[in-house]
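K.L.:
If you scroll down you'll find the structure; I have some questions about it.
All of the numbers you see were taken from the coordinates with simple rules; none came from a lab. Computed from a prediction, not measured in an experiment: that's the story for all the values here. Cβ sites come from the backbone with ideal geometry, for glycine too, and all protein chains shown count toward neighbours.
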């Protein structure tokens, strides 16, 4: 036993000797830590577990931990062997083996919501140089119906708080560490779980198979939910004859609903694993604590399906639309198949129906002939009225074909927009602003309240448009009408008609954002832009406000870039370039390849999340003051490279947080991209955080502007 202890003591001494750096003059800094100790090994170990690089023993009495060495006295001999009177000013220095910094201090994870969490921290107590910080959210458990990524974020060394975007109802291991030239530091780790979100897919309306007296047979369909667990399904009976409004936040059992005068109630609660393909409403059994009461025979019922999602004491629900039922089956009187009265009655009924059918066909032919003749008579003076089917036009350009009501669609549109008298409109024929798909766009003015207001006038020659072009023009006009007024969108002022022309009058703004950004490239004392960082962020924030408004009206832009943003006085951006506000000057048609989302290159249709991708490119364009995205690649190369992972680079003058914000817009999975409401919230956070700017236009050594290549942004072909 004594021999074993001697061996341990010898190994400890050798271990300390191996770590011995030498005798150094004392240098104590703010990163020096004085500890209690008994042996050299204990001093070294205490400093190691506190993540210091060195332990320093002074005169065999005091033990310190630190990261800096003083002036070297001797690198092989202990201080007490070479010093006498000055021993109080030197220390024996030992290496602890630590190089990277310790974990960040005072880490707090707060405001954990369904899609985000806020994290703040302080620098590690013991460190030399920190380049930045890294955060990773490792997915432990999720209800998503796909395999989610574990996102990572990096930040500069002056960042000590941020908001991270997460999936709902997902458990994460959040890790945070400092980055140094020697590598990653020790990890802080904490497990969090985000809150439930409203179910992404409401359940399908139950399919009603049949109604027989007090019972109704229905078919339920399971659904999916990436925003939380599916705890159960509800079957709700609604008395349609009552004319009562269904309020989903007031749901009761059958007995409670009767007492409170409600004409709808929960008749069954079913577990997901027990959901039946067919379910009998009114079978008098209990399901999940709810009595499945029999139906009343003389009442018409609707059936609603509910989805219940519960997690950590919180519940979210979603409901299907009303599914109409039929009344209870009337009593059937059985008759003998040999009854002459029945045979005669059926024969008479068949004869009457046949006569009515033939008369209807003849009437239809006569009516059609009259309508055709009337159209011929009106063809010479018809004002932009479409013949044939034309109904409400979808914002994505799809025109449903199943309805064939012959109406003047333009007359319907005119009721929604201001009509400008021709004597109040002045068009400047010599000042051409551009060419649109359906005509020329000139500057002009309208006379209003003794004031001339400048406008852009889109002149459409109605008589020269084909039927298809009329449809497309009306669709684009309808998109502008549906947009309604918004401070950050080019406004539709009104329309004006003559016998030969339709004038569409738009708000006029002379400056576009591309020209503004390029014009801001001006060297001021210590700056490389005459535009402030806050002005740039304010432009981006207001663009998001406008795009959020378009998204709320289900309008997809498809061509979002700086050229299609006009800038009014006071740096107020106004979104243009969609619907009937598309027109281009000098026959130069912009090529939007560099702003196009990856899924579009794969053949998918544009969607609202494709506009989010384009906004990320537009934000990069703003930050680099009008530089061409992917300027080192030709237009033909870009689709393939983006599909393979090419993204716009981070420049030295915008922060990790801002670049991470851009990267979130370029997520491969569209569901992982934030919507414009989330983008708006994040940009507002950037603006409010004035202590840690996310964008800097300060000059630095070897600064160069990102190149602007006009030929790469303009397609070599006519406008239309």
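K.L.:
Sort the following peptides by mean Cβ neighbour count (other Cβ atoms within 10 Å, averaged over residues), highest first: 703-714, 451-462.
P.N.:
451-462, 703-714
K.L.:
OK, next. Classify segment 513-715 as rounded, prolate or oblate from the Cα gyration tensor: take a ≥ b ≥ c as the square roots of its eigenvalues, call it rounded if a/c is under 1.5, otherwise prolate when a/b beats b/c and oblate if not.
P.N.:
Rounded is the answer for segment 513-715, as its axis ratio a/c remains below 1.5.
K.L.:
Which values, in whole Å and largest first, are the semi-axes of the equivalent ellipsoid of segment 128-257 obtained as the square root of 5 times each eigenvalue of the Cα gyration tensor?
P.N.:
Each semi-axis is the square root of five times an eigenvalue, giving 51, 15, 11 Å.
K.L.:
Still on this structure, I have one more. Most exposed first by the Cβ proxy, i.e. fewest other Cβ within 10 Å, how do 37, 153 rank?
P.N.:
37, 153
K.L.:
How many percent of all Cα-Cα pairs in segment 105-182 sit more than 22 Å apart?
P.N.:
Summing the P(r) of segment 105-182 above 22 Å gives 28 percent of all pairs.
K.L.:
Take residue 219 and residue 358, extend 7 Å from each Cα along the Cα→Cβ direction, and tell me the distance between the two endpoints in nm.
P.N.:
4.1
K.L.:
For each of 610, 321, 682, 548, count neighbouring Cβ atoms within 10 Å of the residue's Cβ, then give the residues from fewest to most.
P.N.:
By the 10 Å Cβ count, ascending, the order reads 321, 548, 682, 610.
K.L.:
If neighbour count is taken as other Cβ atoms inside 10 Å, put 592, 578 in order from fewest to most.
P.N.:
592, 578
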